[in-house]
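*Asks:* Handing you a structure now.
The values are calculated or read from the model by the stated rules, or taken from the named source; none is laboratory data. What you see is a predicted model; the values in this text were computed from it and never measured. Note that each Cβ is placed from the backbone with ideal geometry, even for glycine, and that neighbours are counted across all protein chains shown. Calculation scope for accessible area: heavy atoms of the full protein, side chains included, ligands and nucleic acids excluded. Shrake-Rupley method; radii C 1.70, N 1.55, O 1.52, S 1.80 Å.
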Amino acid sequence: MSVSELCPIKNKKKRHGVILSDEIRLYLCTYDENITNKIFKRYQETAAFFGAELIQHKKNITRECRDQVSILKHNISTQNADIVQEFEMLFPQESLNPKDTRANQLEAVCSIVSSHVSEVAKSLYRIWKSSGLIRNEIAVYNMLTSDNPSDDLQILPHQIHKLILRALSPRWIDLKAKNVTVDVRPCNKLVAIDFRTISVALSHMFDNACKYIMPNSTFIIDDVCRVFLRWVYKAIIRYFVTVR
């Protein structure tokens with residue numbers, strides 16, 4: 001609906017109107033006397049159509065961004081929670097009085113560290129693992145969300161056996177705590193991969209394995225070449241389907 005009336009500011013006739021809907025409130029105004037009510041209504045409908053399209057497009061972009069970030073947020077939040085838990089287990093809140101001076105708090109921390117050297121070392125090892133995963137997660141996310149993700153991939157030959165051992169190394173303490181025997185069968189073949197992305201994927205895979213493996217059991221990584229290559233192939237196919 002539009003109305004033609006005298007504008008109190010410019011002291012000339014103007015045609016203006018408002019379109020209201022659930023998602024848009026659109027106000028148009030013109031001083032062009034050649035625009036009839038019919039033409040103005042058409043302008044309103046056109047503007048309302050494109051306005052609704054822009055709002056829907058914004059919603060789609062927001063949803064896509066939220067979906068892309070959700071996994072990253074989950075993984076980082078999980079690792080951050082592990083870091084906080086390690087600190088709280090080492091330094092319980094009752095041992096650090098917030099009303100104490102900084103010097104007294106440091107003295108309390110030093111006392112706990114000196115009395116539990118082995119436990120502190122294990123916690124620092126776990127914190128190192130979690131902080132490394134957070135760093136790698138962000139690096140891979142930045143790469144995958146760049147304009148040309150494939151250009152950032154560094155495909156180089158790596159020995160499968162070393163990749164497995166490197167991904168497992170931050171988890172030795174957790175496996176030892178469960179009295180798990182790790183049996184990694186030898187495989188010295190090379191595979192052309194991007195080290196950063198594969199390292200993050202392997203880290204999550206071994207994290208889940210360490211979390212759910214039964215105590216006093218044996219963790220066997222057998223026929224690693226075939227399993228690894230098949231897994232890489234599936235990961236690459238899934239990646240390109242997602243990007244496209």
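*Asks:* Determine, at each q value in 0.09, 0.22 (inverse angstroms), the log₁₀ of I(q)/I(0) that the Debye formula gives when each Cα of segment 47-184 is one equal point scatterer.
*Replies:* Debye curve over Cα of segment 47-184, log10 I(q)/I(0) at q = 0.09, 0.22 Å⁻¹: -0.51, -1.33.
*Asks:* Still on this structure: Over all directions, the average projected area of the alpha-carbon convex hull for segment 1-127 comes to how many nm²?
*Replies:* Convex hull of Cα atoms, orientation-averaged projection: 16.0 nm².
*Asks:* Next up: What range in the chain is the longest one free of GluC sites (Glu not before Pro) that are in a loop by DSSP and have at most 11 other Cβ atoms within 10 angstrom? Let's see the in-between values first.
*Replies:* Values: sites that count: GLU23, GLU33.
For GluC sites (Glu not before Pro) (loop position, at most 11 other Cβ atoms within 10 Å), the longest site-free span of the chain is 34-244.
*Asks:* For the pairs LYS13/LYS58; LYS13/LYS41; LYS10/LYS58, note any where the Cα-Cα span goes beyond 27 Å.
*Replies:* Over 27 Å Cα-Cα: LYS13/LYS58; LYS10/LYS58.
*Asks:* Net charge within 13 Å of GLU5 by Cβ-Cβ distance, Lys/Arg positive one each and Asp/Glu negative one each, not counting GLU5 itself?
*Replies:* Charge balance in the 13 Å sphere: +4.
*Asks:* Further question on the same structure: How much of the accessible area of the chain, probe 1.4 Å, is carbon plus sulfur, in whole percent?
*Replies:* 57
*Asks:* Plugging the Kirkwood radius over Cα pairs into Stokes-Einstein for segment 20-80, at a temperature of 37 °C and a viscosity of 0.692 mPa s, what D comes out in µm²/s?
*Replies:* On the way: Rh = 14.8 Å.
So the translational diffusion coefficient is about 222 µm²/s.
*Asks:* Now, a different point. Stokes-Einstein diffusion coefficient for segment 142-216 at 20 °C in a medium of 1.002 mPa s, Rh from the Kirkwood formula over Cα pairs: what value in µm²/s?
*Replies:* Answer from the Stokes-Einstein relation: 153 µm²/s.
*Asks:* Given points 7 Å out from each Cα along the Cα-Cβ axis, report the THR62 to LYS41 separation in nanometres with one decimal.
*Replies:* 3.3
*Asks:* Continuing with the same structure: Within segment 76-181, which trypsin sites (Lys or Arg not before Pro) sit in a loop by DSSP and count at most 16 neighbouring Cβ atoms inside 10 Å?
*Replies:* Those that pass, being in a loop and sparsely packed, are LYS99, LYS178.
*Asks:* Another question, then. Could you list the trypsin sites (Lys or Arg not before Pro) in segment 8-98 that lie in coil according to DSSP, counting only those with at most 11 other Cβ atoms within 10 Å of their Cβ?
*Replies:* Sparse-neighbourhood loop trypsin sites (Lys or Arg not before Pro): LYS10, LYS12.
*Asks:* Please give the length that would be gained between VAL184 and LEU124 if that part of the chain were fully extended, namely 0.36 nm times their separation in residues minus their C-alpha to C-alpha distance (nm, one decimal).
*Replies:* Fully extending the segment from VAL184 to LEU124 adds 19.1 nm.
*Asks:* Okay, moving on. Taking the Cα centre of the chain as the origin and placing charges on Cβ (Lys, Arg +1; Asp, Glu -1), which of VAL180, ASN75, SER150 is farthest toward the positive end of the dipole?
*Replies:* SER150
*Asks:* If you don't mind, another one. Sum up the charges of everything whose Cβ sits under 11 Å from the Cβ of SER131, counting Lys and Arg as +1 and Asp and Glu as -1, but leave SER131 out.
*Replies:* Surrounding charge for SER131 is 0.
*Asks:* Continuing with the same structure: Any lysines with Cα under 19 Å of the LYS162 Cα? List them, leaving off those in the same chain fewer than 8 positions away.
*Replies:* Qualifying lysines at Cα under 19 Å: LYS129, LYS189.
*Asks:* A further question on this structure: Cα-based Rg (one decimal) and Dmax (whole number) for the chain, in Å?
*Replies:* Values for the chain (Cα only, Rg and Dmax): 30.2, 89 Å.
*Asks:* Once R0 is set to 51 Å, what does the formula 1/(1 + (r/R0)^6) return for the Cβ-Cβ distance between VAL109 and SER150, expressed as a FRET efficiency to the nearest 0.05?
*Replies:* It comes out at approximately 0.60.
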